[in-house]
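Right, one structure below, let's go through it.
Just so you know, all these numbers are worked out from the coordinates, no wet-lab data involved. Quantities reported herein were computed from a predicted structural model and do not represent experimental measurements. Positions of Cβ are backbone-derived with ideal geometry, glycine not excepted, and every protein chain shown enters the neighbour counts.
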Amino acid sequence: MLRNRGSAAGKLTSVVAVALAALTLPTAAQPASPERTADLRVTATAAPASVRVGIAFNYTFTIRNLGPAPARATALALNVPAGVLVESVVASAGTCSARSCSLGTMRLRAVRTVRITGKSAAVGLFSVSARVSSPTRDSRLLNNRATATVKVAGDDSVRGSGTRPIFNGTAPVYVEVDAISGPNGEEPSGTFATRYPTYELRGRVVCLTVAGQRASVGGIVEQSSEPSFAVGSGVLFAFTDAGEPGAGVDSQISYLNASDPGACPIPLQEISTEIRLTDGNFVVHDEQP
């Protein structure tokens, strides 16, 4: 009797194939994908860097995402000292309060700016710092903080009144000056008045130079009863504050009928004549810039 050997061999092949298919072969572990990170950076500037009391100034913070990943829910926290009166906080994109800003998602190379406008009624150095953050992992944290500083200074000033003899006589001349400017002579303002025995001048201050106890004041005549001091002409006063009235030279008052009333500021070394007051006093204040 003949047997079908081919059929038996076929069955054996099928069994082996099924057995191999049932085997689970180990596979090599795949490396995990690296977490994508952002790189937020903030820089700061202040302008102007030096101001007078009561004058507005700005702090500007610039935030950048150096990537590569987008920085989600970017926030800027602000640390403002008590001496700064904040008038506004404005972001180029997003929303701000007096102490923080929400800047939204910052994509690769995105830039935001935040500007704080304020002023101070006190003298001193005022620094505002900021820190930028995001829930997205940041690859560098050292560039997440920045600080800007403004110096607030007081005013230079000359204030007072008194009488002194005329250069070529003994008749008293009354002088009254109230002049003020920034510590570098900026934004001068004020008034002056003089009364001679026969005429009177009044006007406004247009420049002020202060160095220690000495000061010079330039003015424009606005009222005059003397033709030689026409309205619009320039007048120069110079003062030396020696402390208490009568202690040394309290006032040096030189009239230079300036043809150019805009020739300010006046170098103090150009004035040398010193005439003591017979009464009264002028106080010179030099606010160091």
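What to note about this one:
- Cα-Cα separations in the stretch 40-153 greater than 25 Å, expressed as whole percent: 22
- Using θ = phi - 60° and Karplus 6.51 cos²θ - 1.76 cosθ + 1.60, couplings along the stretch 197-210 (whole Hz; Gly, Pro as x): x, 10, 7, 9, 10, 9, x, 10, 7, 10, 7, 8, 10, 10
- Per residue, the convex hull spanned by the Cα atoms of the stretch 92-208 measures out at 163 cubic angstrom.
- Rounded if a/c under 1.5, otherwise prolate or oblate - the stretch 165-224, Cα gyration tensor axes: oblate
- Only Cα pairs under 8 Å and 6+ residues apart enter the sum, and on that basis the relative contact order of the stretch 91-167 stands at 24 percent.
- Distant-in-sequence amide contacts of Ser100, defined by a placed amide H-H separation under 5 Å and a gap of 5 or more residues or a different chain, comprise Leu78.
- ³J(HN,Hα), Karplus 6.51/-1.76/1.60, whole Hz, each residue of the stretch 70-80, x for Gly, Pro: x, 9, 7, 6, 5, 10, 10, 9, 10, 10, 10
- Within-10-Å neighbourhood charge of His285 [Cβ basis; K, R +1; D, E -1]: -4
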